[in-house]
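What follows is a set of notes on a single structure, which appears directly below.
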Amino acid sequence: MAAYHPDMVKEGRAQLGVNLRDLAVNLPGAFFIYRADDGKILFANRELLRITECSSMEVFIEFIGRKVKGLIAPEDYAEAVESCDQQVGDSDDAVAHMVKNPYFGEIYYVILSPKPDQK
């Protein structure tokens with residue numbers, strides 16, 4: 001099965017109708033992207049701001065210090081870094097996936113799982 005080919009007939013193919021920004025911002029879970037080399041958060045969606053009780057991206061950056069380390073409890077940080085470094089990426093609290101980006105180098109896409117009381 002081919003995912004897409006320019007010669008494909010358009011009828012019968014669904015149009016997505018949303019752009020990537022809309023999709024990322026409105027995901028129904030907390031999502032962020034950070035740079036592997038220095039831990040700098042490059043993107044955070046609205047749900048992450050909501051669960052950290054930040055009213056804006058500026059408040060969020062001030063709250064966490066712009067680094068992923070600010071989102072992780074100190075006692076869990078070493079385990080979280082090891083999990084990402086090993087590309088395990090799947091835990092009770094998060095799923096992470098590392099990719100090589102031509103602009104930022106190695107970056108992680110992370111989706112946080114809500115705690116039972118947050119569902």
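The values are calculated or read from the model by the stated rules, or taken from the named source; none is laboratory data. If you're wondering where the values come from, they're calculated on a predicted model, not measured in any experiment. Note: ideal-geometry Cβ built from the backbone for every residue, glycine included; neighbour counts use all protein chains shown. Just so you know, the surface numbers come from the protein's heavy atoms only, side chains and all, with ligands and any DNA or RNA stripped out. Shrake-Rupley method; radii C 1.70, N 1.55, O 1.52, S 1.80 Å.
At-a-glance table
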| item | result |
| --- | --- |
| When residues of the stretch 62-80 are limited to those that are over 15 Å from the mean Cα position of the chain (by Cα) and open to solvent by 50 Å² or more (accessible area, probe 1.4 Å), the one modelled with the lowest pLDDT | TYR77 |
| Subset of the stretch 36-82 [touching a residue at least 40 places away in the same chain (Cβ under 8 Å) and out of contact with any helix residue (DSSP H, G or I) (no Cβ under 9 Å at 6 or more places or on another chain)] | ASP37, LEU42 |
| Residue among TYR4, TYR34 that alone is modelled with pLDDT under 80 and of a type in the set (Phe, Trp, Tyr) | TYR4 |
| Flag if GLY12 is modelled with pLDDT of 65 or more, exposed (fewer than 10 other Cβ atoms within 10 Å of the Cβ) and either assigned to a loop (DSSP other than H, G, I, E, B) or touching a helix residue (DSSP H, G or I) at 6+ places or on another chain (Cβ under 6 Å) (or both) | no |
| Residue count, the stretch 45-59 (criterion: open to solvent by less than 60 Å² (accessible area, probe 1.4 Å) and within 14 Å of ILE33 (Cα to Cα)) | 4 |
| Residues being closer than 15 Å to ALA94 by Cβ and assigned to a strand (DSSP E or B) - total across the stretch 27-57 | 7 |
| Cβ-Cβ under 8 Å pairs, at least 6 apart or on other chains, the stretch 94-119 side farther than 22 Å from PRO28 by Cα and among the polar types (S, T, N, Q), far side part of a strand (DSSP E or B) and at pLDDT 75 or above | ASN101/ILE107 |
| Condition check for GLN118: on the phi > 0 side of the Ramachandran plot, open to solvent by 30 Å² or more (accessible area, probe 1.4 Å) and modelled with pLDDT under 85 | no |
